[in-house]
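The values are calculated or read from the model by the stated rules, or taken from the named source; none is laboratory data. These numbers come from a predicted model, not from an experiment. Reconstructed Cβ throughout: ideal geometry from the backbone, glycine too, with neighbour counts over all protein chains shown.
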Amino acid sequence: MMRLQLSSISEDKIQQLSLSQSTPPFYLSVEAFEIDQTINVTFYTIEIGFRNGEEVIMHTVTKRYSSLEKLDKAIKSSDLNTTQLSDFPKKRYFGNTDRTFIRRRVQKLQEYLSCVSKIPGILKFPYFQTFFEISIC
């Protein structure tokens, strides 16, 4: 985990914090992607940041698209209010490691994750905590 001053993070992250329906407020951000050509998959590095006064406590996880898709299914099958949730990016079977395609997917994943941060009660959802390797009481 890393700590930064709130003033040093991006406007997009600050906006997500202000729209978060959780305590503590948090954001989700796709920070990078890496293509593993040996197994023909893409890994996404996702940052979760929690506001703590004038600081942000950040943690990153690296996940495949299939793991993110499982998170989406778990959220949608839960009792959480998902009315604000945008569509999860569609699966692509061919050309899924094309850099242009991946950049578009990153944008769509970011839109999706920004909506996830607005779901009331999401931080207490056990699957979410396990997925992001966090513990919120």
### Query
Restricting the range 112-137 to residues that are surrounded by fewer than 15 Cβ atoms within 10 Å (Cβ to Cβ) and among the charged types (D, E, K, R), which is farthest from SER77 (Cα to Cα)?
GLU133
### Query
Only one of (1) within 30 Å of GLN5 (Cα to Cα); (2) at pLDDT 95 or above; (3) not polar (S, T, N, Q) is not met by LYS70, so which one is it?
(1)
### Query
For the subset of the range 14-23 comprising residues that are in a helix (DSSP H, G or I) and touching a Pro at 6+ places or on another chain (Cβ under 9 Å), which member is surrounded by the most Cβ atoms within 10 Å (Cβ to Cβ)?
GLN16
### Task
Test GLU47 against the stated conditions and say whether it is acidic (Asp, Glu) and under 17 Å from PHE128 (Cα atoms).
yes
### Summary
Filter the range 35-57 for residues that are modelled with pLDDT of 95 or more and among the charged types (D, E, K, R); the one that is surrounded by the fewest Cβ atoms within 10 Å (Cβ to Cβ) is GLU54
### Message
Taking the condition of being touching a Leu at 6+ places or on another chain (Cβ under 6 Å) and modelled with pLDDT under 95, how many residues in the range 1-34 meet it?
### Response
1
### Query
Are any residues in the range 1-13 without any contact (Cβ under 8 Å) to a residue 40 or more places away in the chain and surrounded by 15 or more Cβ atoms within 10 Å (Cβ to Cβ), and if so, which ones?
none
### Task
Inspect all residues belonging to the range 58-65 and state whether any of them is assigned to a helix (DSSP H, G or I) and either surrounded by 12 or more Cβ atoms within 10 Å (Cβ to Cβ) or of a type in the set (A, V, I, L, M, F, W, C) (or both).
yes
